[in-house]
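**Student:** This is the structure, below, for whatever I ask next.
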Amino acid sequence: MGAYQALYVLANLNEGVPAPFFWIPDLWIPSISPTTYEGINFQGTQWIKGTMQAQDYALMIAYFSLPAIMLVTQLMLQKMSQPRKGPKGAPQDSQGAMMNQMMMFMPIMFGYITLGLPAGLTLYWTVSNVLSIVQQYFVTGWGSLVDWIPGLKGKEAEAETKALPRTTITAEPVVSTGPSTLEKPVKRRRRRK
């Protein structure tokens, strides 16, 4: 909320000054206040209807790309933070299943919300997700993301073998030649006849 307020105040201070970022024409739009860019109303999510009517598909793709990237990175981060699943036949408790479904629904909801927020906030959120993915990898590895992208499974196993060298211990047969120094010889009593 603090980042949103900061961007909102900056947008009002620099109104009319474009802030392009690579393929995004202006990071200040879409906006909550009525804003017009290239003849299209960019207030909230009304810009989607406006770009479709103007048939400006390049502009629509530019402003749809950041929420899409944010959605993908958020889903990846959610999957990485979940522990890997057990065997396929293992039962899963209902509370854990419900929690997993909610964790997958939240990024989709945030993806929709960011369509009406300034692109700068979505860019901030996306960069934060990418940095969190890198951090999560070094903390727990790929986690449940391996279930979605099977190619990561081999790389994860390869990383584990490089990180932890394993030694093999071979057992050799023990040959006893008499009582050892740790054992006391057993004295047997003779029976009297």
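**Student:** Being touching a helix residue (DSSP H, G or I) at 6+ places or on another chain (Cβ under 8 Å), buried (at least 16 other Cβ atoms within 10 Å of the Cβ) and of a type outside the set (Val, Ile, Thr) is the filter here, so list the residues in region 50-63 that pass it.
**Tutor:** LEU59, MET60, TYR63
**Student:** Where in region 22-134 are there helices (runs of 4 or more DSSP H), lying wholly inside it, with at least 2 residues that are of a type in the set (Phe, Trp, Tyr) and at pLDDT 80 or above?
**Tutor:** Correct list: 57-81, 94-113.
**Student:** If you check TYR137 against the conditions, is it modelled with pLDDT of 60 or more and closer than 30 Å to PRO25 by Cβ? Walk me through it before giving the result.
**Tutor:** Details: modelled with pLDDT of 60 or more: yes; closer than 30 Å to PRO25 by Cβ: no.
Judged against the criteria, TYR137 is not a match.
**Student:** I'd like to check something: does region 95-112 contain any residue that is exposed (fewer than 13 other Cβ atoms within 10 Å of the Cβ), under 26 Å from GLY39 (Cα atoms) and out of contact with any strand residue (DSSP E or B) (no Cβ under 8 Å at 6 or more places or on another chain)?
**Tutor:** Checked against the condition, which is being exposed (fewer than 13 other Cβ atoms within 10 Å of the Cβ), under 26 Å from GLY39 (Cα atoms) and out of contact with any strand residue (DSSP E or B) (no Cβ under 8 Å at 6 or more places or on another chain), region 95-112 yields at least one hit.
**Student:** Sticking with this one: Report whether or not TYR8 is modelled with pLDDT under 70 and part of a helix (DSSP H, G or I).
**Tutor:** Here the answer is yes, as TYR8 does meet what is asked.
The values are calculated or read from the model by the stated rules, or taken from the named source; none is laboratory data. Owing to the predicted nature of the structure, the values given are computational and were not obtained by experimental measurement. FYI the Cβ positions are ideal-geometry reconstructions off the backbone, even for glycines, and counts take in every protein chain you see.
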